[in-house]
Each structure stands twice: as structure tokens, then as C-alpha cells.
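These notes are about the structure you will find just below.
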Amino acid sequence: MNPPRTSRRRSAVWAAATAVAVAVSALAGSTPAASSADDPRATVDAAVLAAVGQGKESAFFVVLDHEADLSAARAKRSHAGKAKAVFGALRAQAARTQEPLRDYLDARKVGYEAFWITNALKVTGDEQLVDALSRRDDVRRIVKEQRYELDAGAPSLGPAAGSAATEWGVADVKADRVWSDYQVRGEGVVVATIDSGVQYDHPALVGNYRGNRGDGTFSHDYNFYDPTGQCTGGVPCDNHGHGTHTTGTVAGANGIGVAPGAQWIAAKGCEARGCSEGSLLKAGQWILAPTDRNGLNPKPELAPDIVNNSWGSPGASPFYAEMVEAWHAAGIFDTFSAGNEGDGTTCATAGSPASQADAYAVGAYDSTGRIASFSGFGPSPIDGGTKPNITAPGVGIRSSWPGGGYRLSDGTSMASPHVAGAAALLLSSAPSLIGKVDETRAFLDQGSRDVDDTHCGGTASFNNVWGEGKLDALATVDAAPHTAATVTGTLTDAASGKPLAGITVTAKAGETVRTTSTVADGSYRLNLTAGTYTLTTTGYGYEPGKEHLPLTAGEKVTRDLALAALPMHAVSGTVVDVQGKPLAGATVKFTDAPVDAVTSDAKGTFRLPAVAEGTFTLEAVPASPVLCNGTYRGRLTVDGDEQVTAAAPPRTDASGNSCAPATYAWISGATKIALSGDENAKTLALPFPVRFYGVDYTSASITTNGLVNFLEPRLGDYANTALPSAAKPNGVVAAFWDDLTIDSKASVKTATTGTAGERKFAIVWENAAFSGSTSQRISFEAVFAEATGSITLQYRSIDANTLEAGAKATVGIENQAGTDGLAYSVDQPVLKDASAVRFTPGKTS
């Protein structure tokens, strides 16, 4: 039985978005199916109906009619406390209320992707599924996935190099005056960007990236996230340039950034210029609860203080109203670019999400003080409210660009990060405002310089062209409460007196944690609210420092520290694979110590000759082909010469499925399946339920191309891909996915062995021919174990021929949504005769 439809809704948000959707649909000649007293069905957007018409399938979001109560979270005092409470409430509510819908989709073999920052599931299906879902009591609305764009205009003409030390925009908002008058550059504040990514090691950005350990090493966990899958190896990237530019304006060095002392982190919510709604929602979740680079182990206490969003579209999505509401409840201040759809005169051109009431929207002006011709004007096309909220420099803005250089760009995208940087200066100067979004907005509004232009409505002090007026960081900081205690000092080498740059300085009092790093002259500065802190210093090669530090309001304290260097030792050892055999070619390094990496030799041995005393993470990364060898990571305390065995663990996917070589034990086929030809599939009943990625199946489709497909018969699957992949087929076991033919010399059979509870079911491809090369053949099978849920793939009739060894085949497993999987090999001739590989389910699979 479905849970009753709740009466608690974000009715204003969804009503406004529905109104926009109706208007857009009317222009297109259609209207969305809407619910009424006589029709209790959920609202289905016209765009969804069009996408699934005439037998087509499409991706869409199913929005549930339940929301979490965030009032208790808002009442928490600290920013970290708010973030943890909001995360807990949202995720618990999503888990509880989505369970019936998940069960419904699982039973119908429909893949989905769940979200918690907005209570919704992303589903791919047809018109029949849309109709069935719209009749459920727990579904509020079904909406089409939208795409957004990075909100940037064309690059300005002229060279980007050779500009003044402080860029015109930074000086115009008087950020440089804040630096000189208050000695504040954003220290202790964390700013995030959702954009196209960031070149993290750009000279203007590397110094204050939160993932920079200050010793030449980096930790990208909790500091960078790529839900788009565009970056490789978990290392931050920017395949467009936009994100590197906007992040530079927020916090870049060399005169380009408003708050060059703030730390930055980033989520790559945009595949390139375009941003899919699914990626943006994942990025929004990560902002509230940062995760490791794999999207696991969330830590909301590491949420940023500020997030900049330089993306949008002319349409409206209620998802982002819910996302912004969650950020605000967690104490995260947001900025959004107002869009570049303006023409200098036309009103109601502001884009979404900036035009939402809760979003802090930023328009753009040029170096002469005139509003930019492209800047989006209000009133809001969603609710008629005044937009933008404020304006900032956005024409001819020089900032960092991938490759280590700089570029001039125009756009409200360039204006929004000026405001994010100014907010960082405000929070750094007045840390009592951290986690207080409304107060932060009020001080920015109060400090702005009014511009009278009411041709789109509003007043001289707050209108639909300039909002509250031009950003003024100095006036904003001037007006803020100046009750913070200031801690300054210099860190030096105890033996030489040399200043130490890049040493992390952290002040912690309860849930309040503020961090900065020493600059080139070894100095640091933190503004803190009154309280009793533990001040710690950490840096590779030096003894850590710790001090008890009670602070009163307005107190100024100096803490100079001389740090003692640590002894150095050798670390040697052997890398072995999942079977305990020496593994050659593995890259061995410390992830958190600036020690040059080495490669294991033919016997698997390695040696790192000089490592400082301390506890670090040793990593051994297998060379390609990786097969079932995972990356070894282990904590190692170095207090003398060390000897280590780095044993590669079995590789796993995000669901916990693991891969390992297995003992070969071929099961001969007994019952022939009526399956033949070049492109064919056959659905058959399974002798016992097979659990695959959390779903129990009683039938499966078998294809001539070496696939077991749990979702649907799928023809035309001869072109194998890497796993996972959003492209169909999904929910598969790729026993040997290649373009194969089952001719008169080949067959596909099944066999069941063992007794109830201990049975094994084998699907056997015997003597399958390669299409286009039928003289070459292979036999393989997939064996499902009832007792353990494992899947064993076995191979025989493999000789030296590279096709038979898998040179053009995929071997592995993939979940129902194509978002998780584990590939043993892809187009690699690594399979051997009389061999087996086993996939063992984890707790969540």
C-alpha cells in the first residue's frame, strides 16, 4: 500500500514553476497534464508527454510528495551543526518515502537514480510507465530533465596578459581596500563553485585550493567532485575553461581574485558548456555534504561557507528552489548569475535559477559604470519579484584559464564570483556571520551603491536593473560587526630560522573549525569568534604544533612558532596482486607526503629512499591492464626504516561488488536454448531468484553477443562499451560482450547443479563464432550461485588469438541505471584458457 499523500508541500515554488511550464507549453501549442479535484493524478509536464509519445522512451524525474522538516536544523548554532542536521533530515526523509516507489520500479525492472536534496528519482521509461507513475499517491509531479548552460558571453577582445596588478573589477568593488584597511583577504572561509571544473594547479589557484596539503601533495577527496565523469583518475579538470575563470575571480592570486586568502573547493556540475540537471543536482548534494572523489562517505561538516553558481537557463525548475532552501538551512550563502539574455532595455530577462525568490542573483556592469547590455533584468519571470539582487563587474574581466594563463571574458558569470568573493571578505572579517545567510545578504545589500533605473520597475534604491545597486565590499565590511578576535603569527624552521610557507594552521572550538595556510613569508592570520580554541600546525617534515588558545571578543593575539624538522627514513617493500603474486609496474607513492613516486620492478619490489617521520597513506596503483587488482592504500607510521607488503585488494564498484580470479570449474551445458543467429535474444526463467544490484530477478534475457540482460531483451547490442555507461543496454552481465554469431556449429545451453539452497545455474555459450571471422570461436559461461549471490565467468577454447582473449570484448557487470559497474576488461586480450573470474556482491548490491 502506498503512503498517503502529504499535505505539506512547497506549494508556492511548484505553483510558480507550473505556471512557467504552462506558459512555455502554450507557446509550443500544448499544455501539461495537471491534477485537479476530479483528477487526483500527479502533474505530468507536457515536455515529458512529448518525449515519450509514439512509443519512445525518455529520461524524466519523478518527484515525490514528501518534504523534510528542516526547522530543527535551522536552529543549530554552528554552520557545521546546521549542515549535518540538514543532511540527516533530507537523506532520512528520502530513504523512507522513496522505498515504496523503488520497490515498484525494481519489480518492473526499471532502472533509476535517486536524489535526496530534492525528493526525486530519475527514471527512463515510456508513456505507459509515465501514466502508471502519475497515478501513484506518493508522486507529486513528473518533469523532463532540463539542460542548463554556463552563463558566459563571448570573450572580450584584446590581450589577457599585461594587465594591472589588481584587476579593475577587484578595485571597483574596493576589495583591495578591505585587504589594506582590515588586513582581511578571506582567510578562514571556504568558497565552492559549481561549474565546468577547475585547473587546480593553476599558478593563481593552487596556493589556496583546500586540497593542497602545502607540501607538494594534494587530497582531492572532499575538495573536488565530478559527477559528470569527464575527469580521469579522480583528479580535478576543466574541459571548458569557465570554471577556472570564475574560481579565479572568487579567490585567485596575482590580483585577479576578490578574496585571495579564502580556500576554494569545486564540483563539476557541467559536462562542458552544457550542464545536465542530474549532474547539477549531484553537485548540489555534494556542496551540502562533500564526499570523497568516488561520491562516497559524505561529511557535511566540510560543507563550504559560500557557493557560486555561474550557470542557468531562461526556463524554471523547482528543483533548484529546493536545493537553495537546503543550502540556506545549512548556513551556505549562494550567488547566481542573472543571465545574459538581456538587450539593455527589455525587462523580465533574468534566467533561472537566479530569478527564483531565494537565489541571490547578480547582474553585470562594465568598467565605465554602465549596466552590461546582456545583463538579465527583472521582474522575475517566475514570481514577479525584483531581480537581480545586486550588480558587480562583468565586462572585460581578466581571470585564470586552463593551461596556466589568463583570459578576458564578459558575462554575468564573471559578475557573480565578485559577489561570492566579497561575501568571503565579509565572513572573514566578521566570523560571527558564518552560517547566517539572511544577515550576509543584508550586509551586502546595505553596502551596495544605489543606481536609479526604474524603467523595469522598482525604486531608486532597489530596482529590476541594478537590484540593490553596485557591489561595494569595503562598505559591506565597514558595516559588519567587528567583534572578532585576531590571531596572527609567523612559522619558521627551528634550526635555520627560515620562514615556512604552506603550513596548515587550524583553529578548532567545538564544531567550529577555521583553517588557513602560511604564505611565502611564513605568516598567517585568522579572525575568530570569542571562545576557547585548540590551535594546531601541520606540515610535512615538521613536528606538529598544538596550543590552547582562549580568545575574547576583539582580542589580538600573536603566536609565532619555530617548528623542528623530523628525521628521514627509507621505505621499501613488495607489491603483490589479489592472488599474492608479485605485481610489476605498479606506481608506488605516498598520497600525503611530497615524496617522488617509484615503480615496482619485475619482482614487485620498490624503495622510497627518504621519507620524513610521521603517519602517511601509502598507495600502490596497478598498471594497465588492471583486471581485478584494486589500488592498495594503507596507513604507514614511519619511525625508522620500514618494510611493507602492499597487497592489492579486489577491485570494487560503488555498490560493493568485488572482482577476483576464481578456481576454474567448468559446468557443461545440458538444455539447449532456442537462440541462434547474428543478432538475437531469448528470455528464460531462472531456477531460483538471482539478486543483482539489490533487485531479485526470476527471469533474464540472453543474447547472442554474450550478454545476460536483466531488464529487457535488447537487440543491436553488437558494439560493446566500457562499463558503466548510461547508454543501453543496462543491468547486464557481460560474460563476453562482442559481436558474436550462434551458427550451426555453436549453441547456447543452460545447466542447473546442486540441491536447493546450494544450486548453481550456468548459461553456456558453446563454440560461439566471431561475426566476420567465423573460423575463430570461443566457449564461455556465466554461473550464478544461489547461496552466495556470486557470478562466475569462465572461459575455454582460447588460444593465442587476440579476439578469443578479449581484444574487442567487454567483460564485467553493470547496474540497472548504467551509473555503477565493474569491468574486468574492455578491449584487452587478457583472457586465458581454463580461467575464471568471480564477482561477489557487497552489502549494498
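The values are calculated or read from the model by the stated rules, or taken from the named source; none is laboratory data. Fair warning: this is a prediction, and the values are worked out from it, not measured in the lab. Virtual Cβ from ideal backbone geometry, glycine too; neighbours counted across all protein chains shown.
A few comments on the model shown:
- Filtered by the rule that a residue be in a strand (DSSP E or B) and either modelled with pLDDT under 95 or of a type in the set (Lys, Arg) (or both), region 239-277 gives 268, 274, 275, 276.
- Test: residue in region 550-561 that is over 30 Å from residue 622 (Cα atoms), within 37 Å of the chain's Cα centre (by Cα) and among the charged types (D, E, K, R): no
- Options 324, 307: the member that is of a type in the set (Val, Ile, Thr), under 17 Å from the mean Cα position of the chain (by Cα), closer than 25 Å to residue 515 by Cβ and outside any loop (DSSP other than H, G, I, E, B): 307
- Identity of the residue in region 308-339, aliphatic (A, V, I, L, M) and touching a Ser or Thr at 6+ places or on another chain (Cβ under 7 Å), that ends up farthest from residue 418 (Cα to Cα): 316
- For residue 169, the criteria (1) in a loop (DSSP other than H, G, I, E, B); (2) in contact with a strand residue (DSSP E or B) (Cβ under 9 Å, 6 or more places away or on another chain) hold in every case but one, which is (1).
- The set of residues in region 439-463 being touching a residue at least 40 places away in the same chain (Cβ under 8 Å) and within 34 Å of the chain's Cα centre (by Cα) consists of 440, 441, 444, 445, 448.
- Considering residues of region 542-590 that are of a type in the set (Asp, Glu) and in contact with a Leu (Cβ under 9 Å, 6 or more places away or on another chain) only, the residue surrounded by the fewest Cβ atoms within 10 Å (Cβ to Cβ): 560
- Subset of region 801-818 that is in a loop (DSSP other than H, G, I, E, B) and in contact with a Gly (Cβ under 9 Å, 6 or more places away or on another chain) - its residue that is nearest to residue 713 (Cα to Cα): 816
- Hits in region 137-153 - residues which are under 23 Å from residue 69 (Cα atoms) and either crowded, with 19+ Cβ neighbours inside 10 Å or aromatic (Phe, Trp, Tyr) (or both): 138, 139, 140, 141, 142
- Residue 227 vs. criteria touching a helix residue (DSSP H, G or I) at 6+ places or on another chain (Cβ under 7 Å) and closer than 20 Å to residue 295 by Cα: yes
- Contact map, region 580-600: residues that are touching a residue at least 60 places away in the same chain (Cβ under 8 Å) paired with residues that are among the basic types (Lys, Arg) and surrounded by 15 or more Cβ atoms within 10 Å (Cβ to Cβ), Cβ distance under 9 Å, separation 6+ or inter-chain. Pairs shown: 592/213; 593/213; 594/213.
- Remark: residue 577 matches the filter, which requires a residue to be closer than 21 Å to residue 635 by Cα and among the acidic types (Asp, Glu).
- Complete set of residues in region 354-366 that are out of contact with any Gly (no Cβ under 6 Å at 6 or more places or on another chain), in a loop (DSSP other than H, G, I, E, B) and either under 18 Å from residue 414 (Cβ atoms) or modelled with pLDDT of 95 or more (or both): 359, 360, 366
- Among the residues of region 629-686, those identified as loosely packed, with under 13 Cβ neighbours inside 10 Å, in a loop (DSSP other than H, G, I, E, B) and assigned by TED's automatic domain parsing to the domain that holds residue 766 are 663, 665, 668, 670, 674.
- Output for region 388-405, where each listed residue is buried (at least 24 other Cβ atoms within 10 Å of the Cβ) and either over 26 Å from the mean Cα position of the chain (by Cα) or not assigned by TED's automatic domain parsing to the domain that holds residue 243 (or both): 388, 389, 390, 391, 392, 393, 394, 395, 397, 398
- For residue 111, the requirement of being among the small types (Gly, Ala, Ser), in contact (Cβ under 8 Å) with a residue 40 or more places away in the chain, at negative phi and surrounded by fewer than 18 Cβ atoms within 10 Å (Cβ to Cβ) is not met.
- In region 826-845, the qualifying residues are those that are surrounded by fewer than 23 Cβ atoms within 10 Å (Cβ to Cβ) and among the small types (Gly, Ala, Ser), and the one that is farthest from residue 113 (Cα to Cα) is 834.
A quick yes/no check of all residues on (1) at negative phi; (2) assigned by TED's automatic domain parsing to the domain that holds residue 230; (3) among the β-branched types (Val, Ile, Thr):
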site	(1), (2), (3)
172	yes, yes, no
175	yes, yes, no
178	yes, yes, yes
186	no, yes, no
192	yes, yes, no
196	yes, yes, no
205	yes, yes, no
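- Pair list, Cβ < 7 Å and 6+ apart or interchain, from region 245-259 residues that are under 16 Å from residue 403 (Cβ atoms) to residues that are surrounded by fewer than 24 Cβ atoms within 10 Å (Cβ to Cβ) and of a type in the set (D, E, K, R): 245/407
- Sub-9 Å Cβ pairs linking a first residue in region 332-346 that is assigned by TED's automatic domain parsing to the domain that holds residue 81 to a second residue that is part of a loop (DSSP other than H, G, I, E, B), at least 6 apart or interchain, number zero.
- Picking from residues in region 720-742 that are over 25 Å from residue 832 (Cβ atoms) and surrounded by fewer than 23 Cβ atoms within 10 Å (Cβ to Cβ), the one that is modelled with the lowest pLDDT is 726.
- Some residue of region 435-443 being at pLDDT 95 or above, crowded, with 24+ Cβ neighbours inside 10 Å, within 23 Å of residue 205 (Cα to Cα) and touching a helix residue (DSSP H, G or I) at 6+ places or on another chain (Cβ under 7 Å): no
- Qualifying residue in region 91-106 (condition: within 30 Å of residue 424 (Cβ to Cβ), modelled with pLDDT of 95 or more and of a type in the set (D, E, K, R)): yes
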